[in-house]
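Notes to accompany the following structure.
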Amino acid sequence: MTTGTAEVLRPGDRGYDDARQVWNAMFDRRPAMIVRCRTVQDVAGAVRVARERDLEISVRCGGHSAAGFGVTDGGLMIDLTPMRRASVDPARRRAYVQGGALLGALDDAAQRYGLATTAGNVSHTGVGGLTLGGGMGWLARQHGLACDNVVSYELVTADGSVERVTDGELFWGLKGGGGNFGIVTGFEFALHDTGTEALVVEATFTGAARHAAMRRWRDEHLTAPRQATFTAWSAPGTLTLGYVWVGPGSFSPAFLQGGAVTRQPMSYLQLQRREDSSGRHALRRYGRSHYLKSMPDAAVDAFIAAGEHCGAGLQGYGGAIADVAEDATAFGHRDTMFEFGAGSSWTDPAQDGARRAAARAAAALLEPFAGGVYVNSLGDEGAAGVRRAYPPAKLARLTALKDRYDPDNVFHLNQNIPPSAARFCRTPPA
């Protein structure tokens, strides 16, 4: 069935089951209706239909929400995936990206001209979800977060109207406030002359050598060139320390000494696909995350211990991320030093309890050193997680925006910032 240019799918229709699949296979929800939108008018019409019929709205782009927010149970799912075009004006260094595009489409279009903008570490992530939550990636230390590079948004609001947002309070809120204020159907990004080269360098350590090596790694992060994003991975008995370098030039940090070192030159496009997952909609996933604003020796020890529970990683912040004033965008905690994450993926539902417990145990070891969290890394933490993502003054400002643009909390399947008085309140997923 079609309405306007959109395709409407209902249970039993061909393509319905494929359309409702999301990245985290723990969520197997069944919308009453899936509207596969091709234009901004389709999206606006779908919002109006949902409101007329009192149906819960979910919005699917890449479907990468850890909590499965892209698909509603019994409501109306707005599927943006047909709106996946990305185009580039190389003379103006601008990218124009539809709301359903994946990061790979943005990267492909920009790299034809040796250009790029900050985009996450997995090419099949949706541009929309990543950018609206802030948007960390390998270029962030050089050029800021994805949201810092947005020039304009095309937005469908809760009443089904369409706005172009280029400044003002709503522009501020869209830079890190998530999908709380509407559905973004188009982004305009500033691009940067990054070239097409990248390099991944890693050194693996075992036993007692891990602790001293990681302290050197931590200390060198403070003075590293902005082209380098430091990374760490802790697993049972091993610690891998390294960095990702984007662009020309070289870097030889001392922390590599004593480890088993690998150097992998690659293109930027290969880097962006390096962490893509095969069978990506068949895996069950769970993780926990923290921001670390400092990393004392006790936190180094805790990170190494966390890897004994499940895989635990760190990614370096600083540089251009911290250049932006804290109150300039809704994105919070710009003084973060490292982002910590622990978790895993699996296929057997019988492992759900053990896998969740392992991630929580690993994260608990770093909790004494935590100073906030990345909203895009939240899962089932609910309102407590949202309060960790946004400092109190910022959360109050976001609530005022919600009161203005979505007082009925129509857009609540997200890391929700509820209005002062809401008809819908999100229930944390099971």
Values of log10 I(q)/I(0), in the order q = 0.14, 0.20 Å⁻¹, for segment 234-328 under a Debye, Cα-only, solvent-free model:
-0.83, -1.44
Compute the relative contact order of the chain as a whole-number percentage, counting only Cα pairs closer than 8 Å that sit 6 or more residues apart in sequence.
15
Across segment 279-324, how large is the tail of the calculated P(r) beyond 15 Å, expressed as a percent of all Cα pairs?
61
Helix 209-221 versus the longest principal axis of the chain: what angle, 0 to 90°, nearest 10, using Cα atoms?
60
Evaluate the Debye formula for segment 156-299 with equal point scatterers sitting on the alpha carbons, no solvent, and hand back log10 of I(q)/I(0) at q = 0.14, 0.15, 0.16, 0.20 Å⁻¹, in q order, two decimals.
-0.94, -1.02, -1.08, -1.23
Taking every DSSP beta bridge with both residues inside segment 24-110, roughly what % is antiparallel (nearest 5)?
35
Rounded tilt (10° steps) of 297-306 against the dominant C-alpha axis of the chain:
60
Listed peptides 191-200, 127-136, 326-335, 343-352 by packing density, highest first (mean Cβ within 10 Å):
127-136, 326-335, 191-200, 343-352
Taking Cα pairs closer than 8 Å and at least 6 residues apart, the relative contact order of segment 363-426 in percent is 27
Amide H of Leu55: which non-local residues (sequence gap of 5 or more, or other chain) have their own amide H closer than 5 Å, using H built in the peptide plane?
none
Descending principal axes extents, segment 283-427, alpha-carbon based, whole Å:
47, 41, 22
Under the definition of Cα pairs under 8 Å and six or more residues apart, what whole-number percent is the relative contact order of segment 309-430?
21
If you find the alpha carbon centre of segment 77-91 and of segment 118-165, how far apart are they in angstrom?
12
What Kirkwood hydrodynamic radius, in Å, does the chain give when the mean of 1/r is taken over all pairs of distinct Cα atoms and then inverted?
22.0
If one takes the longest principal axis of the Cα atoms in the chain, at what angle in degrees, from 0 to 90 and to the nearest 10, does the Cα axis of helix 40-52 lie?
70
Please compute, over every Cα-Cα pair in segment 63-183, the percentage with a separation greater than 21 angstrom.
37
For segment 98-117 and segment 374-413, write down the distance between their C-alpha centroids in whole Å.
29
Quick check on packing: order 157-163, 65-71 by the mean number of other C-beta atoms within 10 Å, highest mean leading.
65-71, 157-163
Listed highest first by mean packing, meaning other Cβ atoms within 10 Å per residue, what order do 221-233, 30-42, 260-272 come in?
30-42, 221-233, 260-272
Based on Cα coordinates alone, diagonalise the gyration tensor for segment 323-384, multiply each eigenvalue by 5, take square roots, and list the semi-axes in whole Å, largest first.
28, 13, 10
Compute the distribution of all C-alpha to C-alpha distances in segment 114-231, in bins of 5 Å from 0, and list the percent of pairs in each, rounded to whole numbers.
2, 10, 17, 18, 14, 12, 10, 7, 5, 3, 2, 1, 0
Of all DSSP beta bridges in segment 58-167, antiparallel share, percent nearest 5:
75
Overall dimensions of segment 129-189 as given by Cα atoms, namely Rg and Dmax in Å
11.3, 38
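Bear in mind that the values in this text are calculations on the coordinates, not laboratory data. Note that the coordinates shown come from a computational prediction; the quantities given were computed from them, not determined experimentally. Neighbour counts run over all protein chains shown; Cβ positions are idealised from the backbone, glycine included.
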